[in-house]
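Enquirer: Quick one: structure below, then a few questions.
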Amino acid sequence: MTIRDARGTTEHATAQVLARAAGRSRAAAARERLLVRSGIVLLGVALLVLWEFGAPLVVERRYVSSPSEVAARLAELVLDGELWGHIGVTLGEAGAGYLIGIAVGLAAALVLVAVPVLDEIAGPFLAAFYSIPKIALAPMFIMWFGLGVLPKVLLAALMVFLIVLANTVAGVRGISPGLVEVSRVMGARGARLVRTVVLPGAAPAVVASIRLTFSRAMVGAILGEFIAAAQGLGFLIVRSSRQFETATVFAGIVVVAVLVMLVNAVIRAVESRALPWCAQRPHG
Amino acid sequence: AEPAQEAKRITIASAPNVFLSALYVAKDDGLFAKEGLTVEIVEVESGNDSIAALASGQAQYADVGFEDLAELSRAGDDSVVMAHDILNRVTLTLVMRKEVAERKNVTAASPLRDRLGALRGLKIGITSPGSPTDTYMRYYLGSVGLDPERDVELVPLGGGSALLAALEKGQIDAYHLSPPTPYVAAEKGFGVVLIDGPKGEVPELDRFDYTAWATSRQWAGENAGTAAAFSRVLAQATVKVKQQPDAVAAQIMDDLGSSDQATVLRTVKAMSSALSDRGCFDPAVVQRTLDVMLRLKILEEKADAAEGRLWTNEYNGC
Amino acid sequence: MVRAEAARMSAGERVLGEQVARHARRRRARRAVVWAGRIGLAAGAVAAWDLASGTLVRPFFVSTPSAVAERLAEWAVSADFWFHARFTLTSTALGFLAGALLGVLLAWPLALRRVAYRVVEPYFLIAYSVPAVALGPVFILWFGIGLAPKIVLAAYFVFFVVFINTVEGIRQVPQGLIDVTRVLGGDRWVTMRSVLLPGALPYVLAAFRVTLPAAMIGAVVGEFIASNRGIGYLTRAAAGRYQTAGVIAGTIVLAAIVLLLSLALRPLSRVLRWRPEVRLRGEEVS
Amino acid sequence: MADQAAAVRLEAVYKAFVPRGRSAQPLLALEDVSFDARPGEFVSLVGPSGCGKSTVLNLLAGLIQPSAGRVVHHGRPVTGINTEVGYITQDDNLLPWRSMLRNVEYGLELRRVPKAERRRRAQEFVELVGLKGFENHYPHELSGGMRKRAGIVRTLAYDSDVVLMDEPFGPLDAQTRVILQDELLKLWELKRPTVLFVTHDLVEAIALSDRIITFTCRPGRIKREYEVRLPRPRDVFHIHDVPQFRQLYDALWDDIRMEIAAT
Amino acid sequence: MADQAAAVRLEAVYKAFVPRGRSAQPLLALEDVSFDARPGEFVSLVGPSGCGKSTVLNLLAGLIQPSAGRVVHHGRPVTGINTEVGYITQDDNLLPWRSMLRNVEYGLELRRVPKAERRRRAQEFVELVGLKGFENHYPHELSGGMRKRAGIVRTLAYDSDVVLMDEPFGPLDAQTRVILQDELLKLWELKRPTVLFVTHDLVEAIALSDRIITFTCRPGRIKREYEVRLPRPRDVFHIHDVPQFRQLYDALWDDIRMEIAAT
Ligand SMILES: Nc1ncnc2c1ncn2[C@@H]1O[C@H](COP(=O)(O)OP(=O)(O)OP(=O)(O)O)[C@@H](O)[C@H]1O
Ligand SMILES: Nc1ncnc2c1ncn2[C@@H]1O[C@H](COP(=O)(O)OP(=O)(O)OP(=O)(O)O)[C@@H](O)[C@H]1O
Ligand SMILES: [Mg+2]
Ligand SMILES: [Mg+2]
């Protein structure tokens, strides 16, 4: 019945094949890395050059500023120490609102998940609330909550709250029912069930939304500062923008973007340490 | 209340403006500190926000017009009162794009009616709906028989620099605002000043309480000493503004967020004639202001001009 | 035997009938609770608002439900209001179209070229984290004061979400489907048309749904910055004249428009009949 | 049949489902199902897809309630979640955020077994199924077979006297399956709990069970019961060779084929 | 071995994979694999998970290229996508947005068969496997077995003379499996294409094949080849009863068990 027993191969050929494949793949990876990196640098340089030298050909310099001016302005702001005050104020407002928004969003989500009827009742109201342009609320917030940090914190919190709420509810709903059922049969109930299954199960969705919403919190705080403020990045931006100091406007925007990306990176780092089990997910 | 227990912190809601020079000077020269006051200026987007800030008790002072107060009062809210006069005439300065003015064949020397009549069919910039730039423009237009809704287009653009830039780029044909930006347009050569506000060219709008410091009635009542000190300091600083325009111009550059000292100086000089000396309200002028406002339809119904209603001299030591 | 069979059948049917009735009862009870809750919540909120206004809070701050309702009624019959509404809708629609089109068209070539995508990705992230509102006044200079800046802002709010979701949609098409198509003899073009396009469609549509409100928000932001038309302008004008009722009414109208627009987009999902459950991704995450 | 000593018993159980969608039809999943399992007995349930086998296990676990009839566990009717049974579902349902060892401990933890004790017991079971060395791996870092093993010992670790298993080896390849069957029998011999085992694999059912119950297609009714009188311990690797195997297999297969043909 | 008439042939093929991550080690999936399949032959590939069976099929389909050695189809080396073979993958890979019938037509459509003709042929095959009445259902509305059937006839509908099948019945339950095996054999008898059939199920391999090739564990090498000299047409339902079955099964199982033990 057996025709053939093919055993024994040349170790040499095998080693050669492996080495060649590894070499080819390493070379391809290196080529791609090089391409990507040089591409990023080239594109960046090209954009800056275009802005510096190309834009003035089309629009007046003072309306678009230029990278060199922005850099100079940024350096100035850093050197005279003015920037730190603005950053501190805005980060404080956005941070406080962010934390409040997350806490309230999580708590509300747990209530809605625990009592599904409430979720159904609240659904249309939340949808309507979600679709209100927050910029329309900003002036009223100033009226209701004053000129201090409170309206900015609340605006930031509001921007965060709904998104965290929606994502947490979706995250909890997304927990495989089998996981919950098995845990319940094993004896998990109430707070234990929440602690051992519901919270960790929803964590990836929640953390992702938390990471994404920091930029929203910043926008909330900045919106508030647009309407009334004595300090803060939003104040800096809007003030210079009213004076058409475009370089300062861009300097402020650069700072905001950098802050958002920094906080993002920090949360991502914390996330990969705190939730190692979803490290494998490409988009988690 | 005992003066010692009175609040010493004052929050002011305002947008940067040359006619507030006294405030900047007082702050910069430490005049407030000498009285034991701490003053914080919160920049607001528009006059509406200042009124809201006052009414909600978040700010103690804001620079507003009588029409704002009258409207608020009409809405059933009497919590705000004028406490210190700032300007005795409307300083709004009308500037038009040069080629438009040439096309319309008007100059600063043309009769007032012609200058206003030239606005027909133009795109006119205002800061925001309901602001003085809006309401007084509507008066100008009405006074020469133009319909603000049909004969022109009013475009809210937010603030002075936006108006200036929009004028330069030809996105609007004219706008009016307190100096300096209208002067800048003229200096740069693309604008023609048709009505120089600080000079009081419009008779109806001269001897007219255009802007004053309003405060919360209740707060001022409870902190009469502080309120009086605030007025005192402002009056003192106003003297410096009028007597040493050069020094003041250099001093307030930062507060205005401006870097053009020559224009600021020119503006300070121009404005000083319109500034109230001691912040005192003249009952006759208030009466006239309210009457004119009613006639110009800036007010919708008659307002009570009696002291204690919309205004008070209680803290001005007049 | 036959009788026993008949008896058992009827037992089964009886149980089924009972269960169905029980379920129907429960569903009715639940619907009643939900609607009672919704109506109660809405009525309670309005009542609390009405009570508080004038007692706890000055009407200047929160207006009153009746004043807001009155204002809405006034608007409903005023040609002026509809003119403003049309303006906002126009800039929303044009901005949405521009942003969505650009997002889809740009995503397509980039999703298929990994290196190119990785090169531009960081720049998109940077642009995406710029608070667009911050650019406000500068926008006037760049795009003027007419329809253009509103369209640009609306498109800006739409573009990134559509772009990212389209790329994601193209990428998640299972390699297996592509391989099978190629072995069956499909070339690049066929693969694109028959596999990638329909496969990415749910994601693209999801992005459309989330970004429609975003487009309106962008348009309204534009109107807030500089405009003499649109619902955003109406709201701001009301604020300028201390008419809190108008501000609240304007806000309500904006929210209503968004809800109506989302409803209007719903038929789009009929294209996705082939999906077991039309639950579009990214719906909540934006 | 009304054996008082039965570990679990279904008495004339009916179960109807009314699906959510508007257009969906209500359906009868189980009709007049009665059977019991003696303590220590290994009972397999086989039948075509959708005939209600999982529904039986869910009833016993108390996850759903019968529309009519009674579900009894050790003489007491099951009315809520039945935490006294162990339930091994088709999906392994390991908690993805716990390491393998902590997953195995999970049941003990929920039963408030002290930390040291539960670690000891979990470790013991982990070694028993050859998972030593993978204690700190997360589920996604384990192969399918390893996850199955972990899921099984997680449930066996807390000594329920009734264990429900729903196609536990369903998605595994044929070879791994047989190896796990062998391991399962060895674990079962340790304490001899009552096992209700759902499977589609007739060979598996014969290799493991004392008794096999076949189900008809929807609505699920009991079609027949078979005693499997093969000596224990059994050699699952050579179960084909056992003389009775063929006969039993054909009988079961005829049952099932008839049901499939009927649909 | 260098049989010129072979339908497909692998000649000393090596295939190495280099995973993406920086630290990842390259792995040898296939080592010195040579075999061929005669026209009309039904060849099964069996072996433990991860031994490179799918890799062999991917090489033949031209989806990947060998690291060394040659892959030959009808005497011509395969260098790009090989559109002359039919490939039935483990996942059914039906296009979810096409109705069942339009999925079956897909291959014909890509081969530019005129509309009427392809509709007719698709319809014929659909009826052959008892899917009539479900033509307009979308894949998600079909059961697992129905989807498998659709996937298989999609490929068979366009008459490739070489068909690659990768665990086509993998996730199905045991009963549906046997029924589909039977259907597959009947379809195969119609045109007798060359079939390369990957499976884990030894019974299935024996029931279907003319020849069975077993693979060693990583790196995948050919371990042994078995001729299955059972008469055709075969009765897959009673394959256990055939005398040679037991012996062949045990031999295969020993091969596989050794390989599993080795990992
Ligand atoms: N929660 C539910 N709602 C509605 N129908 C259900 C529900 N659970 C099960 N069913 C239906 O009841 C029938 C029996 O389902 P069950 O899962 O018990 O079958 P099964 O024998 O386990 O099938 P399989 O072998 O495929 O796992 C099926 O038709 C199923 O669709
Ligand atoms: N594209 C790839 N990149 C890296 N490794 C791969 C790739 N494809 C396959 N492999 C590896 O090659 C080996 C053989 O894979 P292959 O899929 O051919 O195995 P198989 O025999 O089909 O296994 P199974 O029975 O589980 O389907 C595995 O170890 C697998 O991880
Ligand atoms: Mg089941
Ligand atoms: Mg495979």
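Enquirer: What number of residues within the range A:116-131 are at pLDDT below 80 and either within 20 Å of residue C:245 (Cβ to Cβ) or among the basic types (Lys, Arg) (or both)?
Expert: 0
Enquirer: Being open to solvent by 20 Å² or more (accessible area, probe 1.4 Å) and either within 30 Å of residue A:275 (Cα to Cα) or among the small types (Gly, Ala, Ser) (or both) narrows it down to one of D:92, D:32, so name that one. If you could, list the steps in order and put the result at the bottom.
Expert: Details: D:32 fails: either within 30 Å of residue A:275 (Cα to Cα) or among the small types (Gly, Ala, Ser) (or both).
Step by step, each of D:92, D:32 is checked, and only D:92 is open to solvent by 20 Å² or more (accessible area, probe 1.4 Å) and either within 30 Å of residue A:275 (Cα to Cα) or among the small types (Gly, Ala, Ser) (or both).
Enquirer: Those residues that are among the β-branched types (Val, Ile, Thr) and within 28 Å of residue B:215 (Cβ to Cβ), I need them from the range B:237-284; list them, please. Break it down stepwise before answering.
Expert: Step one: of the range B:237-284, the residues among the β-branched types (Val, Ile, Thr) are B:238-239, B:241, B:248, B:252, B:263-264, B:267-268.
B:238, B:239, B:241, B:248, B:252, B:264, B:267, B:268, listed by residue number.
Enquirer: May I pose another question? Just one of E:71, E:56 is more than 9 Å from every other protein chain (Cβ to nearest Cβ) and in a helix (DSSP H, G or I); which is it? Before the answer, list the steps.
Expert: Details: E:71 fails: in a helix (DSSP H, G or I).
After ruling out the rest, the residue left standing is E:56.
Enquirer: With respect to the numbered conditions (1) away from chain D (no Cβ under 14 Å); (2) without any contact (Cβ under 8 Å) to a residue 40 or more places away in the chain, which one is the sole condition not fulfilled by residue A:227?
Expert: If we test residue A:227 against (1) away from chain D (no Cβ under 14 Å); (2) without any contact (Cβ under 8 Å) to a residue 40 or more places away in the chain, just (2) comes out false.
Enquirer: Let me ask something else about it. Residue pairs, Cβ under 6 Å, 6 or more apart or interchain, first in the range C:199-212 and farther than 23 Å from residue A:132 by Cα and assigned by the TED database to the domain that holds residue C:156, second at pLDDT 85 or above and assigned to a helix (DSSP H, G or I). List them.
Expert: Qualifying pairs under 6 Å: C:200/C:169; C:200/C:170; C:203/C:165; C:203/C:168; C:203/C:169; C:204/C:166; C:204/C:169.
Enquirer: A follow-up question, please. Is it true that some residue in the range D:200-209 is more than 16 Å from ligand 1 (Cβ to nearest atom), within 12 Å of another protein chain (Cβ to nearest Cβ) and not hydrophobic (A, V, I, L, M, F, W, C)?
Expert: no
Enquirer: Under 8 Å between Cβ atoms, which residue pairs at least 6 apart in sequence (or on different chains) link something in the range D:193-207 that is within 14 Å of residue D:41 (Cα to Cα) and open to solvent by 10 Å² or more (accessible area, probe 1.4 Å) with a partner that is away from ligand 3 (no atom under 13 Å from the Cβ) and not hydrophobic (A, V, I, L, M, F, W, C)?
Expert: Qualifying pairs under 8 Å: D:193/D:40; D:193/D:86; D:193/D:159; D:193/D:160; D:193/D:161.
Enquirer: While we're here: Can you find a residue that is within 21 Å of residue C:17 (Cβ to Cβ), at pLDDT 90 or above and more than 16 Å from ligand 2 (Cβ to nearest atom) anywhere in the range D:39-50?
Expert: From the range D:39-50, those within 21 Å of residue C:17 (Cβ to Cβ) are none; that's our starting set.
Looking through the range D:39-50, none of the residues is within 21 Å of residue C:17 (Cβ to Cβ), at pLDDT 90 or above and more than 16 Å from ligand 2 (Cβ to nearest atom).
Enquirer: Every residue in the range B:289-318 that is free of Cβ contacts under 8 Å to residues at least 40 places away in the same chain, buried (at least 17 other Cβ atoms within 10 Å of the Cβ) and more than 25 Å from residue B:223 (Cβ to Cβ), please.
Expert: Selection gives B:305 alone.
Enquirer: Does the range C:29-38 contain any residue that is more than 30 Å from residue B:50 (Cβ to Cβ), within 14 Å of chain D (Cβ to nearest Cβ) and not hydroxyl-bearing (Ser, Thr, Tyr)? Steps first, answer last, please.
Expert: Quick first cut of the range C:29-38, residues more than 30 Å from residue B:50 (Cβ to Cβ) only: C:29-38.
From what's left, within 14 Å of chain D (Cβ to nearest Cβ): C:30-31.
Checking which are not hydroxyl-bearing (Ser, Thr, Tyr) leaves us with C:30-31.
Checking the range C:29-38: at least one residue is more than 30 Å from residue B:50 (Cβ to Cβ), within 14 Å of chain D (Cβ to nearest Cβ) and not hydroxyl-bearing (Ser, Thr, Tyr).
Enquirer: Now for a different question. Looking only at the range B:66-76, how many residues end up being within 19 Å of residue B:221 (Cα to Cα) and open to solvent by 10 Å² or more (accessible area, probe 1.4 Å)?
Expert: From the range B:66-76, those within 19 Å of residue B:221 (Cα to Cα) are B:69, B:73; that's our starting set.
Subsequent filtering for residues that are open to solvent by 10 Å² or more (accessible area, probe 1.4 Å) retains B:73.
The qualifying residues number 1.
Enquirer: Among (1) within 11 Å of another protein chain (Cβ to nearest Cβ); (2) away from ligand 1 (no atom under 12 Å from the Cβ); (3) out of contact with any helix residue (DSSP H, G or I) (no Cβ under 8 Å at 6 or more places or on another chain), which single condition is residue D:175 missing?
Expert: Every listed condition holds for residue D:175 apart from (3).
Enquirer: I've got another one for you. Could you list, in sequence order, all residues of the range E:81-109 that are under 14 Å from residue C:181 (Cβ atoms), more than 21 Å from the chain's Cα centre (by Cα) and within 9 Å of chain C (Cβ to nearest Cβ)?
Expert: Correct list: E:96, E:97, E:98, E:109.
Enquirer: Residue under question is residue D:136, and the condition is that it be within 9 Å of chain A (Cβ to nearest Cβ) and of a type in the set (S, T, N, Q); does it hold? Step through it out loud before you land on a result.
Expert: Numbers: within 9 Å of chain A (Cβ to nearest Cβ): no; of a type in the set (S, T, N, Q): yes.
Against the criterion (within 9 Å of chain A (Cβ to nearest Cβ) and of a type in the set (S, T, N, Q)), residue D:136 does not qualify.
Enquirer: Right, something else. Mind checking which pairs have a first residue in the range D:239-255 that is in the same structural domain as residue D:211 (by TED's automatic domain parsing) and a second that is at pLDDT 85 or above and open to solvent by 40 Å² or more (accessible area, probe 1.4 Å), Cβ under 8 Å, 6 or more apart or different chains?
Expert: Pairs that qualify, where the first residue is in the same structural domain as residue D:211 (by TED's automatic domain parsing) and the partner is at pLDDT 85 or above and open to solvent by 40 Å² or more (accessible area, probe 1.4 Å), are D:244/D:229; D:255/D:223; D:255/D:224.
Residues are listed down the side, and each one gets a yes or a no for (1) within 11 Å of chain B (Cβ to nearest Cβ); (2) under 23 Å from residue C:258 (Cβ atoms); (3) touching a Leu at 6+ places or on another chain (Cβ under 9 Å):
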| position | (1), (2), (3) |
| --- | --- |
| C:182 | no, no, yes |
| C:189 | no, no, no |
| C:192 | no, no, yes |
| C:210 | no, yes, yes |
| C:214 | no, yes, no |
| C:232 | yes, yes, yes |
| C:236 | yes, yes, no |
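Enquirer: If you don't mind, there's one more thing I want to ask. So if I check each of B:29, B:63, B:85, which one is open to solvent by 10 Å² or more (accessible area, probe 1.4 Å), touching a residue at least 40 places away in the same chain (Cβ under 8 Å), among the charged types (D, E, K, R) and in contact with a Ser or Thr (Cβ under 8 Å, 6 or more places away or on another chain)? Walk me through it before giving the result.
Expert: Numbers: B:29 fails: in contact with a Ser or Thr (Cβ under 8 Å, 6 or more places away or on another chain); B:85 fails: open to solvent by 10 Å² or more (accessible area, probe 1.4 Å).
Residue meeting the stated conditions: B:63.
Enquirer: Mind counting the residues in the range B:67-108 that are within 14 Å of chain C (Cβ to nearest Cβ) and within 13 Å of the chain's Cα centre (by Cα)? Give the steps one after another, and end with the answer.
Expert: Within the range B:67-108, the first condition is being within 14 Å of chain C (Cβ to nearest Cβ), and the residues that meet it are B:67-80.
Subset that is within 13 Å of the chain's Cα centre (by Cα): B:67-68.
The qualifying residues number 2.
Enquirer: Go over the candidates D:62, D:50 one by one and state the one that is within 16 Å of ligand 1 (Cβ to nearest atom), open to solvent by less than 40 Å² (accessible area, probe 1.4 Å) and in the same structural domain as residue D:225 (by TED's automatic domain parsing). Working first, answer last.
Expert: Details: D:50 fails: open to solvent by less than 40 Å² (accessible area, probe 1.4 Å).
D:62 is the lone residue from the list that is within 16 Å of ligand 1 (Cβ to nearest atom), open to solvent by less than 40 Å² (accessible area, probe 1.4 Å) and in the same structural domain as residue D:225 (by TED's automatic domain parsing).
The values are calculated or read from the model by the stated rules, or taken from the named source; none is laboratory data. Computed from a prediction, not measured in an experiment: that's the story for all the values here. Every residue, glycine as well, gets a Cβ built from its backbone with ideal geometry; the counts of neighbours run over all protein chains shown. SASA here: full protein model, heavy atoms, side chains in, ligands and nucleic acids out. Shrake-Rupley method; radii C 1.70, N 1.55, O 1.52, S 1.80 Å.
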